[in-house]
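What follows is one structure encoded as structure tokens, with my remarks underneath.
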Ligand SMILES: Nc1ncnc2c1ncn2[C@@H]1O[C@H](COP(=O)(O)OP(=O)(O)OP(=O)(O)O)[C@@H](O)[C@H]1O
Ligand SMILES: [Mg+2]
């Protein structure tokens, strides 16, 4: 029998029981929908992490205060005050293979210019920071070592912050007032903008907008804004990628020595290279994805069992039809094919609807929750293939049951 | 040399040798057919008769390769059917036999045309590019050219029976087996159907049909009567009726009735 004819028969049989067909498909629809959504979320997050890592700069290593390796994975919340400028100086003096070093302190503040005000992230760093993080100038200049020495009230502004304050107008030369924060009674300090950065962009759906920033000399930040002597972290750029492990070892030895950490005691700092960060970030992603993927597989299985159940009912209901077809010359395998195609049609239609549902859900998550999602053609193909397999797998037993019927018994079936 | 004698003498299309069929039901075994031996040759037109329960349908199911014998041999075109597997039996049913069931057995919610197309759908050795055309012709032959897209529930019993007949002959089978094909028809339509069978028979198709009606049996060439699963009478029809003449007579008679002044 021609394949096309078998498809037509299967479609007709399904159309006769539309409601039942739709209910049967629900399991597959939700299974595939969940699958597409989780994979989209995972892929979106992965791409975002890659972009973030890429915008970070080249051959970058970060040192945080506190030992994050022991406390599980967490970023940017170093509360221990183990890192100081002395560490930075020691690294400059003693570690081989380092091209640039910059301390980093950071805070988030309200900044005001003219009638506009915006909340932005403020980073205190040394001039090398721009090179390490691959920042380029759109206008003006970076601050200098001189500015660091004098704790000058100068700032380099990021594209987003500039847009928020000056709405596309010239930022360089303008004065912005940075609020002192709650604890110091709400005063503010004027900073002169001496440079504007090119946008890094690439942060659609990202956790943070890197261009929404104000970068000032670390001395100014520590003395005038934060009144602290401890650093949030140290940024390093190695000469090549190959020396990174060697630099890592040197850093550990040096910092353990300067921090007077003896023998078996753990580090009070954490060193991360760029690719370590990437792996750490994507491994959290992966755990999440496996979990959600598991949910998707379970619902697909449930969907498959639903299909099997309905196909078994269908075979029983249509025993007489099967008998007639066999009496007229249908071979067992024609009957098998007919019911298998029916099951696969059910699961595929469910799969296609599920893919639609998953893509819709991903879109909504991006729109409403601002989570990055990416629905790749591969994900769609795999989901579709999977629903075909579910149909074949769960449709086979009922189809075989139909094919093994004896024609005369099937004809006599009431 | 035996080839030539066979072709002249005619190898029987159907050869039954001491065929038995017993239904093994729970308590009581029903011996529906008990030792039937008959030959039916190509071009024969046989009426199988007998009281209800005498085993006619059972015989037809065996002849149609739907059911297997309990004991004895059934040779179809010289082939021992008991040695064939399910696929080969399916192919024989599809290509060699057209079966008209006692209960029609049409597919519900499927148009007359598609019901008739079914056997062609499963044809393996012939491919039909003109399924619809052939099905339409078959339905026209049984007088249903104007009911092609009607589903069985929108057809009368007689019309359903004629769809079943169209379906049986659409594949150009060598053997037509019909279980009471005129059971639900009025006498005029019955004669028309017998006319169709006679025409097919003249083309060389072997026909075996079950009937209760003696006058319908007169349109065939040979009558076999069964009782309690055995053949009790097997005789050639002497005063054979021809459907065309009988229909002509009916027409004249009805015209005569109309001419009687009321
Ligand atoms: N599947 C079956 N299981 C058990 N007994 C059966 C079965 N089919 C038929 N019989 C019995 O076999 C006998 C012959 O039945 P069959 O249907 O061949 O009769 P028939 O001559 O066709 O009768 P009718 O003219 O009423 O159609 C009957 O006694 C019937 O009860
Ligand atoms: Mg019967």
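A Cβ distance below 9 Å, combined with a sequence gap of six or more or placement on separate chains, defines the contacts here; from region A:389-414, residues that are farther than 23 Å from residue A:352 by Cα and away from every other protein chain (no Cβ under 11 Å) reach residues that are away from ligand 2 (no atom under 16 Å from the Cβ) and assigned to a loop (DSSP other than H, G, I, E, B) in the pairs A:402/A:318; A:413/A:405.
Of the strands (runs of 3 or more DSSP E) entirely within region B:169-237, those holding at least 1 residues that are modelled with pLDDT of 90 or more and over 21 Å from residue A:327 (Cα atoms) occupy B:222-227, B:230-236. Counting the residues of region A:15-48 that are within 14 Å of another protein chain (Cβ to nearest Cβ) and modelled with pLDDT of 90 or more gives 0. Applying the condition of being in contact (Cβ under 8 Å) with a residue 60 or more places away in the chain and over 11 Å from residue A:327 (Cα atoms) to region B:81-100 and asking which residue is farthest from the other protein chains (Cβ to nearest Cβ) yields B:96. Taking region A:311-414 and the helices (runs of 4 or more DSSP H) fully enclosed by it, the elements with 3 or more residues that are over 24 Å from residue B:101 (Cα atoms) are at A:332-364, A:377-403.
Only strands (runs of 3 or more DSSP E) whose full extent lies in region B:21-124 are considered here, and the ones with at least 1 residues that are away from ligand 1 (no atom under 16 Å from the Cβ) and farther than 13 Å from residue B:208 by Cα are B:29-40, B:71-76. I'm trying to understand the selection: among the residues of region B:178-197, which are within 16 Å of ligand 2 (Cβ to nearest atom) and more than 14 Å from every other protein chain (Cβ to nearest Cβ)? Within region B:178-197, B:180, B:181, B:182, B:183, B:184 meet the criteria. Residues of region B:113-127 that are over 19 Å from the mean Cα position of the chain (by Cα) and more than 10 Å from chain A (Cβ to nearest Cβ): B:113, B:125, B:126. Residues of region A:321-334 that are under 53 Å from the mean Cα position of the chain (by Cα) and either within 10 Å of residue B:122 (Cβ to Cβ) or more than 10 Å from chain B (Cβ to nearest Cβ) (or both): A:322, A:331, A:334.
The values are calculated or read from the model by the stated rules, or taken from the named source; none is laboratory data. Computed from a predicted model, the values in this text were never measured in an experiment. Cβ atoms come from the backbone with ideal geometry, glycine included; neighbour counts cover every protein chain shown.
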